Amino acid sequence: MEIPPIEDRLHLDCEVLVVGGGTAGTMAAITAAEHGARVLLLEKAHVRHSGALAMGMDGVNNAVIPGKATPEDYVAEITRANDGIVNQKTVYQTATRGHAMVRRLEGYGVKFEKDEHGDYAVRRVHRSGSYVLPMPEGKDVKKVLYRVLRRRDIRERVRIENRVMPVRVLTEGGRAVGVAGFDTRSGRFVTVAAGAVVLATGACGRLGLPAGGYLYGTYENPTNAGDGYAMAYHAGAELSGIECFQINPLIKDYNGPACAYVANPFGGYQVNNRGERFVDSDYWSGHMMAEVAREIASARGPIYLKLSHLPGETVTAVERILHSTERPTRGTFHAGRGHDYRTDDVEMHISEIGLCGGHSASGVWVDEHGATTVPGLYAAGDLACVPHNYMIGAFVFGDLAGAHAAASHRVPAGLPEGQVAEAHELVYRPLRHPDGPPQPQVEYKLRRFVNDYVAPPKTAAKLEIALESFERMRDEIAGMGARTPHELMRCAEVGFIRDCAEMAARSSLTRTESRWGLYHDRADLPDRDDANWLFHLNLRKLPDGSMAFVKRPVEPYLVPVEGFDPVAAEPEPVATRPGARVRRAGETRAGHAAVGRSPRILELHRIAEEAPDLARLAPYLADEEPKVRRAAIAALTETVPEGAGVALAAALADEHGTVRRAAATGLRELAEVLPATPEFGAALAERVTSPDASVRGTVLDVLRALRLGDVALFAAALGDDDHRVRIEAIRGLVSLDEPGPLAGAARDASREVRVWVARGIAAVGRPSPALDGLAADPDPLVRAAALESSAATGSPLVDQAVAGMADPAWQVRAGAARCLGAAGEPLEPLVAALGDGNLDVRKAAVLALAGHVSRPEVAAALRGALADPDADVRAHARRALDG
Amino acid sequence: MALIDQRVEVPVTIDESLCIEGCTLCVDICPLDSLAISDETGKAYMHVDECWYCGPCADRCPADAVTVNIPYLLR
C-alpha cells in the first residue's frame, strides 16, 4: 500500500472516547452513555470477541458479597498480597462496589452460580477470604455486553468503530484531547477529538516470549500488546509498579490458566512429583509464584494439576467448565497428547512475564475514579494500577471512569497538528522501506531479550544488558518493513512492546530491593527494604524524552494491616544512573457477492444487526434447513426480542437435535433476563415430556431458576430415565424447600443422584431419615456425602462417622471427619486422623479440629501437624493455632 | 530483503466444501484479524500465522466449517 496523505483522514469527534472494547472499556462506554455523554468506542479487534474475555470467563476471583466477606477483609487481603504497596482507596472501590456490579451484570444477563435457594455460591479457594464466584456458563460474558451496547438507548449514544487502533494520545496544554491511529484493514489514517479519553487496552501480554516459542501463544490475549502503557507514557501520565510483573501458573505449552480456581472447589489441587501440596502462601501473590518456581526447579519438580483422584463425574463437571469458558481449546490440547484428567495429572509451568494491573500491580497510576495524572485521561481494567483487580475490578473501574469522564469532559477546539504528524509518521514509517526486517523476526528478538535479561531472577548487570539491547533495537524497530495495513498494526505493536520492555527494565533497576516474591526478585538484592521502599515507584516521560522516577508515599491506610506501616512523606524524585537515559526517539479485501448456498444465513446476519423483533425472525426459526433454524436461534439469543423465551421453548420441540441443543443452551444462558411469565412457564412445562433428555434437563433447570416450577412437576421428574434429569429434579425440590420426595431417590440406581440427594438434604438443613440409608450405601462417595451432609442438618450421624473414620475409602474418612468436626464429639478419632496416609483426610481433620483448639490435647495435636508434609495441612494448623 | 516461500502449518483450517460463500462471520470477529476471504475461492482462510487458539471462529461458524487446532509448536 501507499502512504496516505495526512489530510486524507477520517476525523471523528465525541465527548467521551473509550479506547478498547473489552471488559473495562464496554462498561465505561455504557456508563458514560447512561450519564448522557456522546461516546465513541474504538476497538482494534471486534467488540463482540475482544479483550481478555475474547471467549469468556469461568468465574469472578474477587467478589465481595455481603454475608460472605467484608470490604475491610478484602482490602487487608490485597494489601498483604501486594506487600503493603497499595492505594487502599482504589482497592476499596472494588471491594464496596463489586456486589452492585455483580447485580448489574446479572440484570444484563450474565449468569453467576447460585445455590438452590438463589444465593450466590461464593467459594473459598484460598485459605483466607471467600471471594470466588463461579460462572459455569461464563462463555457468554462478551455476548451479553455486546447485546447491551446494541440496545437502542445505548446504541444512540455509543458509536463503535471496530478495527481501529490508536497509537498516540494527543495532548494540548497538558490535557488529553484525542487520539491518532489508523484503520487496520483499510490503512486509513484516523484522528479523534475528544472531551475525555478512557484507555482500556488491557495488559501488556506480549512482553516476554512464551517457552513454547510461538509469538502469539501468550497467557494474555496477544492483541493486548501494551498499547495503553505506551500511549499513557508518551502522553506524560505516571505509571506505577511496573517492576511488579505479571507471572501466572499455567498448563505447560498450552500456556492457558490451569484454573485451580475452577478445580479447587471440586477437590483438585497442585502437587509436586511426590504428590504433595507445596504452596504455603494463603492468597494469590508473587510469593505464591516464587514457591511455584522454586518447586519446579527443585528435585520435587515438575508440578502438576491433580484431578486423577476424583470420581469420573466430578472430572466431567470440571471439564464442562474448563473446556467451554475461558480457554475452550484446552480440551483439544489434552486430547492431542492423549491425556485425560481422569488418568493423567496435568503438567504445569509458569508463564512468560507481562505487565498487568489486574493480576499484579503494574499499570497506569489512577485515583479512585480511574483518573490518571494527565487531566482528561483515564485508565481502567488490566491497564490500571489497582492491584489484583481482576474482572470485577475492571468492570468497577470502567464504570467509575465512564461516569467521571461523562461529568467532566471538555471538547477541544482543535487538535495539535504537530503531534498528529508525528503519529502519522510512526504508523506509516514501515511502508517507506518495505524491505526492512519483518515484524515477526524483530519481535521475536526483542522478546527473547526480555526473557534473557528482564525476567526474574533479576540482577542489575542483566538489566543493564537489557537496556543496552533495547536501545540498540530502537533503530531496528524504526527500520522495520511492512506492505499491508495488517503488517502496519503488528509493527506499531512492536513499538509498544519495546516501550514496555524499557519501562520494565528501568523500574526493576530503580527499585533496589526484592519485593512481591517472584514478581520483583532481585537476586543481587534479596531482602525487602521497607525503610526505603515501602513506597510506590512511579515513572513518567519528561518533555526532553527521558524517563523520570518518583517515590510516592503510600497513602494512610483505611484498613490497618499488621506488619506494614507506611510513613507520610513528600514524593521524592529518584535519580537514575547517568547514561541510562534514552538517547533519542526515534486495501480493503474485495467483498464477494452473496452467491453461495445459504443466502438465508447471510440475511439473518444482516437482520441481527438491526435489533429485529420476533416477527422478523419467525420465518427463519421455521426455515426448512436446520442450519438456518440454528442460526436464527443464535440471532434470537444475541438480540433477545420480546417473546424470545416462548420462542426458544417452542424450539425445544424441534425435530433436529442440534436445533434443540441450541435452544436449550440459549435458555440456560438467558435464564436471568427472560421475564418469568406464566405463559413462558407453561411453554417450558409443555416440553418436560420431550423425548430428548437434554431438553427435559434444561426445562427443569430453567423452571427452577425462574421459580416457575412446582413440587409435583419436580417430583414426577425423579422417575426420569436419565440421571441428569433426575439431578435437576432434586435441585428443583431443594429450591422449594421440599425434601420429602427425595427419600425415594435415596435408592436411585445412579450414585451421582444419591450424592445429590445427600447434598440436597444438607441444603435444606433439616434432619432426614434418608441420610441413615445413604450413610450405609455400598458406594463410598455416597457414604462420604451422607456423613458430611448430616452435619448440616443439626443431627450429625456420629456413630456412623466414628465407624467411617476406619473406612478404606479416603473420601469416606474425609466426610466422617467433617461430620465429627461439626458434632464436636468425639474428637479422638480426628486427632488420630492427623496421622492418616491421605493428605485430604489430614486436611479435613485439621479443619475439623480448628474449632476446638481451646482443648489442650487438640492444640498439642495441631502443633504436631505444623510439620506435616502437606502445605495445606501445615497452613490450616498454623491458622488454627494463631487464631 | 528476500521474499521467500516457506511452508507453515497454520492452526485454523476451513473446510471449503462447507464454508458459505459471502459469509464473513469468522473474518469479522477474529481478535487477531488472521482470517480473510480468498479472492480465488470466495471462502475463508488463514492469511497470517497469528493465533491465540481462542475459538470464536469455530464456535460461531454457522456451517461448522472452521477447525481450530493447537499451533504446531505447542501441540
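The values are calculated or read from the model by the stated rules, or taken from the named source; none is laboratory data. What you see is a predicted model, and the numbers here were worked out from it, not measured in a lab. Don't worry about glycine lacking a Cβ; one is built from the backbone with ideal geometry, like all the others, and counts go over all protein chains shown. Calculation scope for accessible area: heavy atoms of the full protein, side chains included, ligands and nucleic acids excluded. Shrake-Rupley method; radii C 1.70, N 1.55, O 1.52, S 1.80 Å.
Here are a few things to note about the model shown:
- For A:Val198, the residues whose amide H sits under 5 Å from its own are A:Leu17, A:Val18, A:Val19, A:Tyr378, ignoring neighbours fewer than 5 places away on the same chain, with H placed 1.01 Å from N.
- In the B-A interface, the accessible area buried, summed over both sides, Å² (probe 1.4 Å): 4000
- Solvent-accessible surface of protein heavy atoms, probed at 1.4 angstrom with all chains present, puts A:Arg188, A:Arg206, A:Arg687 in the order A:Arg188, A:Arg687, A:Arg206, largest first.
- For segment A:40-80, the normalised intensity computed at q = 0.26 Å⁻¹ comes to -0.85 (log10 of I(q)/I(0), Debye sum over alpha carbons, equal scatterers, no solvent).
- Judged by the ratio a/c of the largest to the smallest principal axis of the C-alpha gyration tensor, segment B:12-74 counts as prolate, that ratio being 1.5 or greater while a/b is larger than b/c.
- Simple Cβ-charge dipole of segment B:1-68, Lys/Arg +1 and Asp/Glu -1, about Cα centre, in debye nearest 20: 100
- Positive-pole candidate from A:Phe278, A:Ala260, A:His339, dipole of segment A:249-350, charges at beta carbon: A:His339
- Rounded to the nearest 20 debye, dipole of segment A:646-777 from Cβ charges on Lys, Arg, Asp, Glu: 280
- Dipole magnitude for segment A:156-246: computed about the Cα centre from +1 point charges on Lys and Arg Cβ and -1 point charges on Asp and Glu Cβ, it is near 300 debye.
- Panel values: the protein assembly as shown, Kirkwood radius from alpha carbon pairs, Stokes-Einstein at 25 °C and 0.890 mPa s, translational diffusion coefficient 83 µm²/s.
- Legend: P(r) of segment A:681-834 from all alpha carbon pair distances, 5 Å bins from 0, whole percents, reading 2, 11, 20, 18, 16, 12, 9, 6, 4, 2, 1, 0.
- Integer Hz, Karplus 6.51/-1.76/1.60 couplings in order for segment A:487-503, x for Gly and Pro: 5, 4, 4, 5, 5, 4, 5, 4, x, 4, 4, 4, 4, 5, 4, 5, 4
- Protein accessible area in segment B:12-74, 1.4 Å probe - carbon and sulfur %: 46
- Cα pair distances exceeding 20 angstrom across segment A:489-560, given as percent: 45
- Along each principal axis, Cα extent of segment A:277-422, largest first, Å: 66, 32, 32
- The GluC sites (Glu not before Pro) of chain B meeting both criteria, a DSSP state outside H, G, I, E and B (loop) and at most 11 other C-beta atoms within 10 angstrom of the site's C-beta, are B:Glu9, B:Glu40.
- When DSSP beta bridges are restricted to pairs lying wholly in the protein assembly as shown, around 70% turn out antiparallel.
- Ranked by solvent-accessible area (1.4 Å probe, protein heavy atoms only, all chains present), the residues A:Asp119, A:Asp692 order from largest to smallest as A:Asp119, A:Asp692.
- Segment B:12-74 - accessible surface per residue (Å², probe 1.4 Å): 36
- Residues in segment A:329-359 occluded by at least 20 Å² - accessible area, probe radius 1.4 Å, against chain by itself: A:Thr329, A:Thr332, A:Phe333, A:Arg337
- Loop-located trypsin sites (Lys or Arg not before Pro) in segment A:714-752 (DSSP state other than H, G, I, E, B) with a sparse environment of at most 13 neighbouring Cβ atoms within 10 Å: A:Arg747.
- Computed over segment A:664-763: relative contact order in percent, which uses C-alpha pairs under 8 Å that are six or more apart: 21
- Inter-centroid distance (Cα atoms) of segment A:815-883 relative to segment A:218-269, Å: 36
- Expressed as a fraction of 2.2 N^0.38 Å, the value expected for a compact globular protein of N residues, the C-alpha radius of gyration of segment A:249-350 is 1.02.
- Helix-only mean residue ellipticity at 222 nm for the protein assembly as shown, each DSSP H run of n ≥ 4 adding -39500 (n - 2.57), per residue, nearest 500: -12500 deg cm²/dmol
- Members of segment B:61-75 that become less accessible by 40 Å² or more once partner protein chains are added (1.4 angstrom probe, chain alone as reference): B:Pro62, B:Ile70, B:Leu73, B:Leu74, B:Arg75
- Among A:Gly414, A:Met289, A:Leu881 the positive-end extreme of the charge dipole of chain A (Cβ point charges): A:Gly414
- A:His605 accessible area, assembled protein chains, probe 1.4 Å, Å²: 60
- Close amide H contacts of A:Val561 (hydrogens built in the peptide plane, cut-off under 5 Å, sequence separation of 5 or more or a different chain): none are found.
- By a 1.4 Å probe calculation restricted to protein chains, A:Val47 has an accessible surface near 0 Å², given to the nearest 10.
- Solvent-accessible area of A:His433, all protein chains in place: 60 Å² (probe radius 1.4 Å, heavy atoms, ligands and nucleic acids excluded).
- The phi torsions of segment A:320-326, fed into the Karplus equation with coefficients 6.51, -1.76 and 1.60 and a -60° offset, translate into couplings of 4, 7, 5, 9, 10, 9, 5 Hz, rounded to whole numbers, with Gly and Pro shown as x.
- The H on the amide N of B:Val12, modeled in the peptide plane, is under 5 Å from the matching H of B:Asn69, each at least 5 residues off or on a different chain.
- Computed log₁₀ I(q)/I(0) - Debye formula, equal Cα scatterers, no solvent, segment A:626-717, q 0.24 Å⁻¹: -1.23
- For segment A:1-85, GluC sites (Glu not before Pro) meeting the loop criterion (DSSP other than H, G, I, E, B) and having at most 13 other Cβ atoms within 10 Å: A:Glu2, A:Glu7.
- Accessible-area order (highest first, 1.4 angstrom probe) of the listed residues A:Ile730, A:Ile465: A:Ile465, A:Ile730
- Whole-Hz ³J(HN,Hα) from phi, Karplus 6.51 cos²θ - 1.76 cosθ + 1.60, for segment A:554-562, glycine and proline x: 6, 4, x, 5, 7, 10, x, 10, 4
- Apolar share of the accessible surface for chain A: 52 percent from carbon plus sulfur atoms, 1.4 Å probe.
- Most tightly packed first, judged by the mean number of other beta-carbon atoms within 10 Å of their residues, the peptides A:800-809, A:669-678 read A:800-809, A:669-678.
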